[in-house]
Amino acid sequence: MPIPPAYHESLPYVDQEPNLEALAAARDLIAAEASSQPPLPTSNPEPSFTPAMIAELERVSKSTPLAPLDLSRYEAPSPSAPPATALPAAAIAHSYLS
């Protein structure tokens, strides 16, 4: 059984090596395009971080866990409130809890 070709059968050819004239023309086109563009920066600029970002980067580098969120504002109020303030407090709590 013959070994199948290494290229896809819809492309039954392999490009030949370009001659010296074609290589020179390609290099000239590349040089012309490169000269029309502004030069790339020589080095990466130093990043500037906000104080909050610097503090967060220091916290992460020290492997300090985040402070837990205070979830008490989402808890239902205690039923010990007097009836006059219970209804408005319940309405406010309902808006937070739903």
Hey, got a sec? Which chymotrypsin sites (Phe, Trp or Tyr not before Pro) in the stretch 33-98 land in a DSSP loop and have at most 12 other Cβ atoms within 10 Å? PHE49
Return P(r) of the stretch 10-77 (all Cα-Cα pairs; 5 Å bins starting at 0; whole %; ordered from short to long distances). 3, 10, 8, 8, 8, 8, 7, 6, 6, 6, 8, 9, 5, 4, 3, 1, 1
The stretch 53-98: GluC sites (Glu not before Pro) in DSSP loop, at most 11 other beta carbons within 10 Å: GLU75
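Just so you know, all these numbers are worked out from the coordinates, no wet-lab data involved. Please read all numbers here as calculations on a predicted model, not as lab measurements. Cβ sites come from the backbone with ideal geometry, for glycine too, and all protein chains shown count toward neighbours.
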